[in-house]
């Protein structure tokens with residue numbers, strides 16, 4: 001701004017004051033103001049050249065100009081303020097000197113935490129471009145997939161986990177924690193997993209109940225009472241221990257942990273939108289007074305809290321929680337440790353052999369695997385659907401939204417009549433619904449022989465970092481016989 005140093009006395013302050021604005025705020029906002037001011041200054045400079053120093057001195061001392069100056073400053077400042085407040089924040093302003101911090105906080109509000117994928121712009125290539133981009137970004141992260149529980153229907157669920165989680169994120173490491181029983185031989189299906197970090201197949205033993213556990217937990221709603229809850233909590237937390245051990249051995253920390261169940265069926269791939277930094281993601285519905293605890297996705301810090309199902313019970317005891325179920329205890333774990341959580345619709349359900357009243361009325365809905373939309377961690381089975389829209393809407397409207405209610409957006413849900421055993425011919429229903437690849441895996445397990453089972457486990461063992469399990473022949477013989 002040439003020529004400003006020609007202005008003296010009172011006008012010096014004016015020139016310096018105005019010139020401060022374009023330093024960090026960008027010239028676009030103040031261009032009209034600068035032209036106006038510079039025009040006056042140029043006129044003054046020209047006048048000073050024509051009439052000499054004497055005229056300039058007389059002008060500088062004129063009180064009328066000082067009054068005009070005082071009158072001009074407030075509207076000019078208001079013009080600057082309005083110009084800024086009507087425009088989006090600019091990078092130069094946000095990164096400027098700390099002296100502008102109060103203004104920065106006024107004009108710029110940080111966006112809330114966002115998933116690590118970009119906007120969903122679908123392409124003609126099938127999968128949305130944003131999904132592919134998000135998966136690529138996650139592929140550069142370290143991810144642990146924690147798989148816990150018994151393998152009763154693993155011939156149905158296992159291949160979906162491999163295809164729709166582990167192969168979608170091939171850089172992910174699998175951690176399996178499962179009890180030894182007559183279905184454990186089916187775990188050999190995991191031989192096709194891209195990466196296996198640790199496997200623990202153990203003989204379950206009773207877990208002693210502590211005084212704090214007796215005060216905090218209730219047996220109501222648990223098929224196997226409080227002991228069933230303790231066994232489930234142990235399955236989950238021991239998987240976290242396995243992850244920490246593997247990290248220590250290899251000197252790194254996982255960015256993400258996906259905690260899912262052995263009996264969980266995935267009808268579609270796990271999308272990158274479910275990975276939200278600083279927040280723990282769970283499915284909506286089936287909350288039973290707390291949070292759906294059948295699936296969880298979070299970074300390492302939030303997951304450490306979420307997976308510490310046993311060790312945090314004393315904290316819940318101290319906080320005054322009494323006689324709560326698994327879902328309520330799970331929510332309390334997060335809230336007492338200041339962990340933020342959100343719900344997101346996911347293509348996941350828990351395959352169950354249990355029987356439930358139909359229509360569900362005030363009880364548990366069982367969704368059909370053929371449902372076109374996200375299953376959101378509900379109980380499910382392969383069935384010929386007995387309830388479609390609007391039947392589903394009527395059934396769900398009767399359910400308690402904070403209890404057994406399940407998300408049904410846009411008619412995406414179908415219900416089974418689950419008051420009895422699985423229907424005859426369910427295998428055909430499953431094969432038709434789930435496709436040739438999953439149908440082939442189901443048939444392979446049905447025809448599996450002892451030698452092939454042992455060979456599959458040995459191959460798994462050879463690809464696994466930490467292996468803690470009975471001999472393969474014992475696992476296979478327990479389920480297949482000799």
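No lab work stands behind these numbers, since they all come straight from the coordinates. Remember, it's a predicted structure, so these values are computed and weren't measured experimentally. Positions of Cβ are generated from backbone atoms using ideal geometry, with glycine treated the same way; all protein chains shown enter the neighbour counts.
At a 10 Å Cβ-Cβ cut-off, how would you order 397, 456, 417, fewest neighbours first?
Result, fewest neighbours first: 397, 417, 456.
Can you put 423, 203, 407 in order of Cβ neighbours within 10 angstrom, beginning with the fewest? Before the final figure, lay out each step's value.
Numbers: 423 15, 203 8, 407 20.
Fewest to most other Cβ atoms nearby, the residues stand as 203, 423, 407.
I'd like to compare 349-360, 438-449, 204-215: which one has the highest average count of other Cβ atoms within 10 Å, and what's the full order after that?
349-360, 438-449, 204-215
What Kirkwood Rh does region 352-436 have if only Cα atoms enter the pairwise 1/r average? Answer in Å. Can you show the working numbers first?
On the way: mean 1/r = 0.0782 Å⁻¹.
By the Kirkwood definition, the hydrodynamic radius is 12.8 Å.
At a 10 angstrom cut-off on C-beta neighbours, averaged per residue, how do the peptides 337-347, 167-177 rank from highest to lowest? Please list the in-between numbers first.
Details: 337-347: 16.6, 167-177: 21.0.
Going by the mean number of other Cβ atoms within 10 Å, highest first, we get 167-177, 337-347.
With the calculation restricted to Cα positions, what are the radius of gyration and Dmax of region 186-234 in angstrom?
My reading of the Cα-based Rg and Dmax gives 15.5, 44 Å.
Going by average Cβ density within 10 Å per residue, which order do the peptides 250-256, 325-331 take, highest to lowest?
325-331, 250-256
Simple spin-label model, 7 Å along Cα-to-Cβ: residue 192 to residue 419 in nm?
3.9
Evaluate the distance, in nm, between pseudo-label points positioned 7 Å from the Cα of residue 181 and of residue 338 along their respective Cα→Cβ axes.
4.0
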